[in-house]
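One structure is given here, and the rest of the page talks about it.
We did not get these values from a lab; they are worked out from the coordinates using the rules stated. Not measured: the values here are computed from a predicted model. Here the Cβ is made from the backbone with ideal geometry for all residues, glycine too, and neighbour counts use every protein chain on show.
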Amino acid sequence: MGDALESCMRLLEFFPREEVDDYAVKQLRQAMADYLQSKRPWLADVAFEIDGRRCSSLLEALAEKDWEGRLMLRFFSPSLDQNWDYNRPTWLIRIIKGGIGVMESFDYNPYTLQKWDVEAGVQRDEIRLRAHFTKFFVPESIKSHTRRAQSGEELVYASGLLTPEEMWRKVRTGSAIPLQVRFCAYTHTTRYAYEIDLPRGKLVRDFRGGVLQVTGKHIRTAQECYAFDKLLASIDLPENVRKAFVTVFERTDTTVFDIAHALGMLDASARNTLYALVSRKFVTVKGGRPRETYEANIDEITRAAAGA
């Protein structure tokens, strides 16, 4: 916790002075402690190179230096005991300015000891890389917190879907301190997502891995994925609603039971979670209870993303 917390403390220097008081510092310490106490199954270690220089963490690099545009993510020490059904076995992502670059990855074969299908050879794809914050901390002084609490306002934040340069600028101009980042790599045909735990430097397993079977998976185009990711990154959804949205988008004929199983909740809670998306027209429902099915409304997602 020490090094990551120290880097986050240094990032406070980029925020307005009036928002960084003892209360904000205490809240940052608590947010970091809470984040590190939560259990997240990891798939691999992640090392970052910024402009050709190895960094102990991305948080350290964000706090320490400006960025010229070159970024490399190396994934190593993969956990072969974990389920990779919803994660792409990847060992390298290399980016130049504008988020343009390449990724080198392998197919996943769960029926082998190695799991990563190394015998089939490495696959090299040209990509565009984007990112958004899925776990973060926004500093707030005791004065601002009290004023907001008295008015009944909620602290709402969404990073938006960012190029690496935009992510860098957003952090270093006092927007938010990222704790977990979802990197999205778009090839010519599809998108691969990587949730990175920044304090620990770990690739986080997709929440569906080992829980929800991949049968019924809907293969989306890169364009559909980009619109979905742009929308997802621009709205502040409760975590369970966000996970349900991801599940419905990438699945055909999703049921209440699928969501209940994937998120570990009762059927009634799963239905309420889905209707939070139906009410916003992001998801449509077909059939009657209890066997109704849910589908992503691509037209509405695309329209909403265009205005995000």
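Annotations
- Computed over the chain: relative contact order in percent, which uses C-alpha pairs under 8 Å that are six or more apart: 16
- Check: region 183-308 dipole with +1 on Lys, Arg Cβ and -1 on Asp, Glu Cβ, in debye: 80
- Cα lying deepest toward the dipole's positive end in the chain, options 58, 112, 228, charges on Cβ: 228
- Once backbone amide H atoms are built at 1.01 Å from N, residue 159 has 133 as its partners under 5 Å, excluding neighbours fewer than 5 places away on the same chain.
- Listed values for region 68-77 are Karplus-derived 3J(HN,Hα) couplings in whole Hz (6.51 cos²θ - 1.76 cosθ + 1.60, θ = phi - 60°), namely 8, x, 9, 9, 9, 10, 10, 9, 9, 6, and x replaces Gly and Pro.
- Extension gain for the segment residue 219 to residue 79, taken as residue separation times 0.36 nm less the Cα-Cα distance, is 47.8 nm to one decimal.
- Region 3-64, relative contact order in percent, only Cα pairs under 8 angstrom and at least six apart counted: 45
- Given +1 at the Cβ of Lys and Arg, -1 at the Cβ of Asp and Glu and no other charges, the dipole of the chain around its Cα centre is 340 debye to the nearest 20.
- Amide H contacts under 5 Å for residue 100, placed H, 5+ residues apart: 129
- For region 48-103, the relative contact order is 32 percent, taking Cα pairs closer than 8 Å that sit 6 or more residues apart in sequence and dividing their mean separation by the residue count.
- Each residue of region 15-29 was assigned a 3J(HN,Hα) from its phi angle through the Karplus expression (A = 6.51, B = -1.76, C = 1.60, θ = phi - 60°), giving 9, x, 4, 5, 9, 10, 10, 4, 5, 4, 5, 4, 5, 5, 4 Hz with x at Gly and Pro.
- Under 5 Å, built H, 5+ apart or other chain: amide partners of residue 70: 51
- Calculated over the chain: convex hull of Cα atoms, volume per residue (Å³): 144
- Check: region 133-191 dipole with +1 on Lys, Arg Cβ and -1 on Asp, Glu Cβ, in debye: 80
- Most positive-pole-ward Cα, 201, 255, 122, against dipole of the chain from beta carbon charges: 255
- Order of 252, 134 - criterion: other Cβ atoms within 10 Å of each residue's Cβ, fewest first: 252, 134
- Within the listed set 271, 251, 17, the Gaussian network model of the chain (springs between alpha-carbon atoms below 10 Å) gives the highest mean-square fluctuation for 17.
- Phi angles of region 141-147 translate, via the Karplus equation with coefficients 6.51, -1.76, 1.60 and θ = phi - 60°, into HN-Hα couplings of 6, 4, 5, 5, 4, 5, 4 Hz per residue; Gly and Pro are given as x.
- Pairs of lysines in the chain (C-alpha under 21 Å apart; 8 or more residues apart or interchain): 24
- Label-point gap, in nm, between residue 114 and residue 68 - each point 7 angstrom along Cα→Cβ: 3.6
- Cα lying deepest toward the dipole's positive end in the chain, options 5, 145, 78, charges on Cβ: 145
- Of the GluC sites (Glu not before Pro) found in region 26-94, not one falls in a DSSP loop while having at most 10 other beta-carbon atoms within 10 Å.
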